[in-house]
Amino acid sequence: MPFYLSPYRCLQIPRRGLLWATQRKMVLPQIATHFGASEAMVQFRSNVTNVLVKC
């Protein structure tokens, strides 16, 4: 099974990705869907990277 199809892949949303999404006026649920992450993970990465993500 290719790595990108593995259910055990590690996801980390980069700061640059969050900045890209916020510049496009994406909100938390849209960002989570775009990156294939949970809303909790997006909020966590927002807190860690100091990028304000709107709910």
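The values are calculated or read from the model by the stated rules, or taken from the named source; none is laboratory data. All of these numbers come straight from a predicted model, not from anything done at the bench. Here the Cβ is made from the backbone with ideal geometry for all residues, glycine too, and neighbour counts use every protein chain on show. Ligands, DNA and RNA are excluded from the accessible area calculation, which covers all protein heavy atoms including side chains. Shrake-Rupley method; radii C 1.70, N 1.55, O 1.52, S 1.80 Å.
Structure data summary
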item	result
Subset of the stretch 1-21 that is open to solvent by 40 Å² or more (accessible area, probe 1.4 Å) and in a helix (DSSP H, G or I) - its residue that is modelled with the lowest pLDDT	Phe3
Subset of the stretch 22-55 [in contact with a Pro (Cβ under 7 Å, 6 or more places away or on another chain) and loosely packed, with under 13 Cβ neighbours inside 10 Å]	none
Residues of the stretch 22-49 satisfying the condition of being modelled with pLDDT of 95 or more and outside any helix (DSSP H, G or I)	Arg24, Lys25, Met26, Val27
